[in-house]
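Asks: First the structure, which I've put down as structure tokens, then a few questions once you've had a look.
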Amino acid sequence: IKPKYGKYFVTGNHEYYSDMNGWLRLIENIGFKILINESQNININEYTLMITGIPDRTGKYFSNYHKTDMIKAINNMPKADVKILLAHQPKDVEHAIKYDFDLFLCGHTHGGQYFPFSLFVQLAHPFLKGLHKKENTWVYINQGTGYWGPPMRIGTEPEITEIVFSS
């Protein structure tokens, strides 16, 4: 993957379970910028796009540095035309709304993965998969490519998403 404006990564819960620093080094070595409570502005023609990333909400149990801190993430950032928040869990939509992000991208749910497990996932998260709007923020939940638990999917599919912006 060689995108024109960079590759960005935020931690999910699984990065913390085994050799967190090793995983993060590997991710950086393949060219991703890891956003841990930080933002990057990208200038595209006459527009400024801000990408902000926060660590998974479970990160605080493994490292104080990985505790979600939205103030640190957006501190002193100049105004942007479009603001995108990257976080692992759909529950973090609260941050996207509070800090006026246009788009919130997340995953974590695996789209519910299989019935009846999907019912419990739906109870725990505001959204299960796909595109939604909450207040003024668009929310997209990617179903992921892998599994949680048993290697099966029923009612959901592996997914790699391409999001294209146009003016």
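The values are calculated or read from the model by the stated rules, or taken from the named source; none is laboratory data. Remember, predicted model here, so these are calculated numbers, not experimental data. Cβ placement follows ideal geometry from the backbone for every residue including glycine, while neighbour counts extend to all protein chains displayed. These accessible areas exclude ligands, DNA and RNA; they are computed on the full protein's heavy atoms, side chains included. Shrake-Rupley method; radii C 1.70, N 1.55, O 1.52, S 1.80 Å.
Asks: Would you mind classifying the range 18-57 by shape? Square roots of the alpha carbon gyration tensor eigenvalues, ordered a ≥ b ≥ c; an a/c under 1.5 is rounded, otherwise it is prolate if a/b is larger than b/c and oblate if not.
Replies: Working: a/c = 5.38, a/b = 1.99, b/c = 2.70.
It comes out oblate by the Cα gyration axes.
Asks: Mind checking which of 36, 59, 86 is farthest towards the positive end of the chain's charge dipole, using Cβ charges of +1 (Lys, Arg) and -1 (Asp, Glu) about the Cα centre?
Replies: 59
Asks: Also, I was wondering about something else. Looking at the range 1-79, which chymotrypsin sites (Phe, Trp or Tyr not before Pro) are in a loop (DSSP not H, G, I, E or B) and have at most 14 other Cβ atoms within 10 Å? Write down the numbers at each step before the final one.
Replies: Numbers: sites: 5, 8, 9, 16, 17, 23, 32, 47, 61, 62, 65; in loops: 5, 17, 32, 62.
Sparse-neighbourhood loop chymotrypsin sites (Phe, Trp or Tyr not before Pro): 5, 17.
Asks: Can I ask one more? Give a quick list of GluC sites (Glu not before Pro) in the range 1-63 that DSSP marks as loop, anything other than H, G, I, E or B, with at most 12 other Cβ atoms within 10 Å.
Replies: Values: sites: 15, 28, 38, 46; in loops: 46.
Passing both the DSSP loop test and the Cβ count: 46.
Asks: Also, I was wondering about something else. Using a ≥ b ≥ c from the Cα gyration tensor of the range 72-163 (square roots of the eigenvalues), is it rounded, prolate or oblate, where a/c under 1.5 gives rounded and otherwise the larger of a/b and b/c decides, a/b for prolate? Walk me through the intermediate numbers first.
Replies: Values: a/c = 2.53, a/b = 2.16, b/c = 1.17.
Judged from the Cα gyration tensor, the range 72-163 comes out prolate (a/c at least 1.5, a/b above b/c).
Asks: Taking the Cα centre of the chain as the origin, how large is its charge dipole in debye, to the nearest 20, when only Lys and Arg (+1) and Asp and Glu (-1) carry charge on their Cβ atoms? Don't skip to the answer; put the middle values down first.
Replies: Working: 17 positive and 16 negative charges, 23 e Å.
Here the chain has a charge dipole of around 100 debye.
Asks: Still on this model: Within the range 125-164, which GluC sites (Glu not before Pro) sit in a loop by DSSP and count at most 14 neighbouring Cβ atoms inside 10 Å? Walk me through the numbers on the way to the answer.
Replies: Working: sites: 135, 159, 162; in loops: 135, 159, 162.
In loop regions of the range 125-164 (DSSP not H, G, I, E or B), the sparsely surrounded GluC sites (Glu not before Pro) are 135, 162.
Asks: Can you give me the accessible area per residue for the range 74-116, using a 1.4 Å probe, in Å²? List each step's numbers first, then the result.
Replies: On the way: 1900 Å² over 43 residues.
Ligands and nucleic acids excluded, the figure is 44 Å² per residue.
Asks: Then there is this: Scan [x] 1.41; [y] 0.99; [z] 0.95 for the value of Rg/Rh (Cα atoms, Kirkwood Rh) calculated from this model and give just the label.
Replies: Here the calculated entry is [z].
Asks: What's the lysine pair count for the range 31-162 at a Cα cut-off below 13 Å, pairs eight or more apart or interchain? Walk me through the numbers on the way to the answer.
Replies: On the way: 83/98; 91/129; 91/134; 98/134.
Value for the range 31-162: 4.
Asks: Leaving out ligands, DNA and RNA, and with a 1.4 Å probe, what % of the accessible surface on the range 1-133 is carbon or sulfur? Intermediate results must be reported in sequence, preceding the final value.
Replies: Details: 4040 of 7410 Å².
Looking at the range 1-133 in its full context, I get 55 percent from C and S.
Asks: Can you tell me the dipole magnitude for the range 86-152 around its Cα centre, using point charges on the Cβ only (Lys, Arg +1; Asp, Glu -1), in Debye to the nearest 20?
Replies: The calculated dipole for the range 86-152 is roughly 160 debye.
Asks: When a/c reaches 1.5 or more, the comparison of a/b and b/c decides; with that in mind, is the range 58-120 rounded, prolate or oblate per its Cα gyration tensor? Can you show the working numbers first?
Replies: Values: a/c = 3.34, a/b = 1.55, b/c = 2.16.
Cα axes put the range 58-120 in the oblate bin.
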